[in-house]
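Comments concern the structure below.
The values are calculated or read from the model by the stated rules, or taken from the named source; none is laboratory data. If you're wondering where the values come from, they're calculated on a predicted model, not measured in any experiment. Cβ placement follows ideal geometry from the backbone for every residue including glycine, while neighbour counts extend to all protein chains displayed. Only protein heavy atoms, including side chains, enter the accessible area calculation; ligands, DNA and RNA are left aside. Shrake-Rupley method; radii C 1.70, N 1.55, O 1.52, S 1.80 Å.
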Amino acid sequence: MSERSFFFDAGEGHSLHVALFGNPGGVPVVFLHGGPGSGCNPGQRALFDPERHFVVFVDQRGAGKSLPPRSRDANTTAHLIRDLEALRQDLTLPRWLVVGGSWGATLGLAYAQAHPAACLGLALRAVFLGTRAELEAAFVTRLSTFYPDLFAALLARAGQQAPLEAIWRQILDPDPQIHRPAAFLWYDIERALSELRPASTTHSLRAADAPLPATPFMEASYFLNDCYLQPGELLKNAGKLAGIPGILLQSRYDLLCPPCGTAALAARWPEAELRFVEAAGHSLSEPGVTAALRQAIRDLSKV
């Protein structure tokens, strides 16, 4: 088993932090983190067999340990797809298994549709198709239904008209007096929607020196721009996945990325198998989700 990390020059001022894990002679895998903007972490290695897999953990532009931190310049879905393909070629990997969840599933689908010949298979969890409709359904309809207090806090800060666009613009405002409370509110909302039994379902004020979470800023940039995708692009292009084996893992009670999106994708991708995890929410840490994703990766590694 080998472990090493390095920075990959992606161009346009971006250096991607890449960590390699496992057996260099094993099944090549690329792990795509969520967010956008969250970055990879050592706990994700538990998904893989270090004897069977050779895993490439890559922090996307502006995320995790990549440099410059939180940079949104030259940072679009097209840039991330190009980075992945350049990294695969630099590592001289003929093909790799693509693994990702939530935004990682979005990027995984976009990458596979652009470079199907590079994909051994796709193990995707909590599919997010990158549409404004999904965001409105999660952060307006379901938030107001299940967490009315948090929805009231969102409206109080962002206003009644187009509250999502308003809160994203506040997060990206250069004034700390504006972006700090907006970013913390978005963070609290997203955490509540991510778990079946969240530790907190309220929004709390932070101290003036509290460190800012990273993901709200990258998410605001991507979400304001419809994830830099054309409307309905990933579903429309699902035919480009033909011949690629896939396993779509879906938590039954995922409030952020519910089963309907995953089912719509599965209906257009005959080679994909849809598997449910009952009594679980969105997060990878939800009961049964990690084990189910580990099994999906194991099954696709046999193909």
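Counting 0.36 nm for each residue step from Tyr253 to Ser71 and taking away their Cα separation leaves a gain of 62.2 nm.
Helix 215-224 axis versus longest C-alpha principal axis of the chain: approximately 90°, rounded to the nearest ten.
Within the accessible surface of the chain, defined with a 1.4 Å probe on protein heavy atoms only, the carbon and sulfur portion equals 54 percent. For the stretch 63-171, what class follows from the C-alpha gyration tensor (a ≥ b ≥ c being the square roots of its eigenvalues): rounded when a/c is under 1.5, otherwise prolate if a/b is larger than b/c, else oblate? Here the stretch 63-171 falls in the prolate category. Potential lengthening of the chain between Asp9 and Ala114 amounts to 35.7 nm, from the contour at 0.36 nm per residue minus the alpha-carbon distance. Across the protein chains, with a 1.4 Å probe defining accessible surface, the residues Thr92, Thr290 rank Thr92, Thr290 from largest area downward.
What does the C-alpha gyration tensor say about the overall shape of the stretch 254-303? Classify as rounded when a/c is under 1.5, otherwise prolate if a/b is larger than b/c, or oblate. Here the stretch 254-303 falls in the oblate category. Shape analysis of the stretch 1-132 places it in the rounded category; the axes a ≥ b ≥ c from the Cα gyration tensor give an a/c below 1.5.
Taking every protein chain into account, the 1.4 Å probe leaves Lys302 with about 140 Å² of accessible area, to the nearest ten. In plain terms, the chain from Leu196 to Asp49 could stretch by 50.1 nm, reckoned as 0.36 nm per residue minus the Cα-Cα distance.
Measuring nothing but how far apart in sequence close Cα pairs (under 8 Å, 6+ apart) lie, relative to its length, the chain scores a relative contact order of 18 percent. The distance separating the Cα centre of the stretch 105-160 from that of the stretch 24-77 comes to 19 Å. Where [x] 59, 44, 29; [y] 54, 40, 34; [z] 133, 77, 35 are the candidate values, the label of the one calculated here for Cα extents along the principal axes in Å is [y]. Which percent, nearest 5, of DSSP beta bridges in the chain are antiparallel? Expressed as a percentage, antiparallel bridges in the chain total about 35.
Accessible-area rank, largest first, for Thr215, Thr141: Thr141, Thr215, with all protein chains present and a 1.4 angstrom probe.
Using alpha carbons only, how many degrees (0 to 90, rounded to 10) separate the axis of helix 148-158 from the longest principal axis of the chain? The answer is roughly 80 degrees. Helical content of the chain, expressed as a calculated mean residue ellipticity at 222 nm, amounts to -10500 deg cm²/dmol (DSSP H runs of 4 or more residues, -39,500 (n - 2.57) each, divided by residue number, nearest 500).
Take the Cβ atoms of Gln89 and Asn41, set R0 to 41 Å, and the FRET efficiency comes out at 0.95. In this structure the stretch 112-247 gives 45 Å² per residue of accessible area when probed at 1.4 Å with all protein chains present. For helix 289-300, what angle does its Cα long axis make with the longest principal axis of the chain, in degrees from 0 to 90 and rounded to 10? Roughly 30 degrees, rounded to the nearest 10. Per residue, the stretch 50-94 exposes an accessible area of 43 Å² to a 1.4 Å probe, with every protein chain left in place.
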